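J.: Got a structure here, written out as structure tokens. Questions coming.
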Amino acid sequence: MKTLLIKAVIPLSVIAFCSVTKSWHTTPVDARDTFFWGFPFAFVGEGWHTSMSLQFFILEMIADFAVYTLLCGGLVLILHRFMPAVFTSKWLPRSLWILAGLCLIAAVIIVISSQPVFHFKRPYDWEIIETWIGRFMVSL
């Protein structure tokens, strides 16, 4: 079971975390309209100190990654139960780890180049104007 976690669940969680998200168009208190991203909680948003900056919320990011890990773990367990030969091959785990590594590299490049601001938790309240699903995190 540990090997299944390392071979499939962790890289799938990273891939899903970096690619599947929800967009939030909000009006924070005493601020301009701002876009945030994350599912089920918004953990990254436009920064306000420069035009290309981002602000990250660590607690929401950890909660989102935990949700993705649980969902991917359930998916992998279901697939492993009905198709155990899929995860015994060598090419699938390697491909997943390579794709997860590329997603992490892209995310690190975006974070480094954005003059990020990190908050433990979102320090302000907001009013949600609109939400939608389907934007890729990498295309910020």
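The values are calculated or read from the model by the stated rules, or taken from the named source; none is laboratory data. Worth saying up front: this structure is predicted, and the values here are computed from it rather than measured. Because the Cβ atoms are built from the backbone with ideal geometry, glycine has one as well, and the counts that use them run over all protein chains shown.
J.: So which of F65, F39 is surrounded by 15 or more Cβ atoms within 10 Å (Cβ to Cβ), closer than 17 Å to W126 by Cβ and among the hydrophobic types (A, V, I, L, M, F, W, C)?
T.: None of the others qualify; the one that does is F39.
J.: Looking at (1) out of contact with any strand residue (DSSP E or B) (no Cβ under 9 Å at 6 or more places or on another chain); (2) outside any loop (DSSP other than H, G, I, E, B), find the lone condition where E60 falls short.
T.: Failed condition: (1).
J.: Another question about this same structure. Here is a list of conditions, (1) at pLDDT below 90; (2) surrounded by 13 or more Cβ atoms within 10 Å (Cβ to Cβ); (3) of a type outside the set (S, T, Y); (4) part of a helix (DSSP H, G or I), and R135 meets all of them except one; can you say which number that is?
T.: Only one criterion is unmet by R135, namely (4).
J.: Does L70 qualify as being at pLDDT 90 or above, outside any loop (DSSP other than H, G, I, E, B), over 19 Å from A107 (Cβ atoms) and not hydroxyl-bearing (S, T, Y)?
T.: Criteria met by L70.
J.: Then there's this: Quick check on the range 18-33. Is at least one of its residues of a type outside the set (S, T, N, Q), in a helix (DSSP H, G or I) and under 22 Å from W97 (Cα atoms)?
T.: Checked the range 18-33: at least one residue is of a type outside the set (S, T, N, Q), in a helix (DSSP H, G or I) and under 22 Å from W97 (Cα atoms).
J.: Take the residues in the range 1-31 that are of a type in the set (V, I, T) and under 21 Å from W48 (Cα atoms), then tell me which one is surrounded by the most Cβ atoms within 10 Å (Cβ to Cβ).
T.: T26
J.: Here is a list of conditions, (1) surrounded by fewer than 16 Cβ atoms within 10 Å (Cβ to Cβ); (2) in contact with an Asp or Glu (Cβ under 8 Å, 6 or more places away or on another chain); (3) not hydroxyl-bearing (S, T, Y), and L59 meets all of them except one; can you say which number that is?
T.: Of the numbered conditions (1) surrounded by fewer than 16 Cβ atoms within 10 Å (Cβ to Cβ); (2) in contact with an Asp or Glu (Cβ under 8 Å, 6 or more places away or on another chain); (3) not hydroxyl-bearing (S, T, Y), the odd one out for L59 is (2).
J.: Output the residues belonging to the range 82-94 that are of a type in the set (G, A, S) and not in a helix (DSSP H, G or I).
T.: Answer for the range 82-94, where residues must be of a type in the set (G, A, S) and not in a helix (DSSP H, G or I): just S89.
J.: Quickly run through the range 42-53 and pick out the residues that are in contact with a strand residue (DSSP E or B) (Cβ under 6 Å, 6 or more places away or on another chain) and either surrounded by fewer than 17 Cβ atoms within 10 Å (Cβ to Cβ) or of a type outside the set (V, I, T) (or both).
T.: Answer for the range 42-53, where residues must be in contact with a strand residue (DSSP E or B) (Cβ under 6 Å, 6 or more places away or on another chain) and either surrounded by fewer than 17 Cβ atoms within 10 Å (Cβ to Cβ) or of a type outside the set (V, I, T) (or both): A42, F43, G45, E46, G47.
J.: Does I15 satisfy being of a type in the set (A, V, I, L, M), in contact with a Leu (Cβ under 8 Å, 6 or more places away or on another chain), touching a residue at least 60 places away in the same chain (Cβ under 8 Å) and over 21 Å from T131 (Cα atoms)?
T.: Considered against the rule, which asks whether it is of a type in the set (A, V, I, L, M), in contact with a Leu (Cβ under 8 Å, 6 or more places away or on another chain), touching a residue at least 60 places away in the same chain (Cβ under 8 Å) and over 21 Å from T131 (Cα atoms), I15 comes out as yes.
J.: Considering M61, M52, which residue is within 18 Å of the chain's Cα centre (by Cα) and closer than 16 Å to V117 by Cα?
T.: M61
J.: Mind listing whichever residues of the range 95-132 are assigned to a loop (DSSP other than H, G, I, E, B) and aromatic (F, W, Y)?
T.: F120, Y124
J.: Would you say S51 is of a type in the set (S, T, Y) and at pLDDT below 90?
T.: So S51 passes the test.
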